[in-house]
Amino acid sequence: MARWFILAGLILVVIGVVLHTMPWLLSWFGRLPGDIRYESGQTRVFVPLSSMILVSVILTLVLNLFSR
């Protein structure tokens, strides 16, 4: 179990470094068709439906590959 935590930490560090040095790589995230944005005066509501569906599908595929 400790190895999984170390691996997850290393993956998070790599993602953090990539996002810090190249922020344009994920500029599309949150702007997909199906993501709901509502702005009115001082009220802002953001519901990233299609972005979270995409993340769910990718994580499901990755976890299914590792579990076999």
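The values are calculated or read from the model by the stated rules, or taken from the named source; none is laboratory data. Note that the coordinates shown come from a computational prediction; the quantities given were computed from them, not determined experimentally. Neighbour counts are summed over all protein chains in view; Cβ atoms, including those assigned to glycine, are modelled from backbone coordinates with ideal geometry. All accessible areas refer to the heavy atoms of the entire protein, side chains included, with ligands and DNA or RNA removed. Shrake-Rupley method; radii C 1.70, N 1.55, O 1.52, S 1.80 Å.
Details
- Search result, residues across the stretch 37-68 that are loosely packed, with under 11 Cβ neighbours inside 10 Å, part of a strand (DSSP E or B) and aliphatic (A, V, I, L, M): Val45
- Verdict on Ile58 being at pLDDT 90 or above, within 24 Å of Ile11 (Cα to Cα) and among the β-branched types (Val, Ile, Thr): yes
- Test result for Gly9, in a helix (DSSP H, G or I) and either surrounded by 10 or more Cβ atoms within 10 Å (Cβ to Cβ) or within 14 Å of the chain's Cα centre (by Cα) (or both): yes
- Taking the listed residues Gly30, Gly16, Gly34, the one that is open to solvent by less than 80 Å² (accessible area, probe 1.4 Å), assigned to a helix (DSSP H, G or I) and of a type outside the set (Val, Ile, Thr) is Gly16, with no other qualifying.
- Cross-chain or 6+ apart pairs with Cβ under 9 Å, the stretch 17-44 first and under 21 Å from Ser56 (Cβ atoms) and of a type in the set (Lys, Arg), then open to solvent by 80 Å² or more (accessible area, probe 1.4 Å) and not in a loop (DSSP other than H, G, I, E, B): Arg31/Arg37; Arg37/Arg44; Arg37/Phe46
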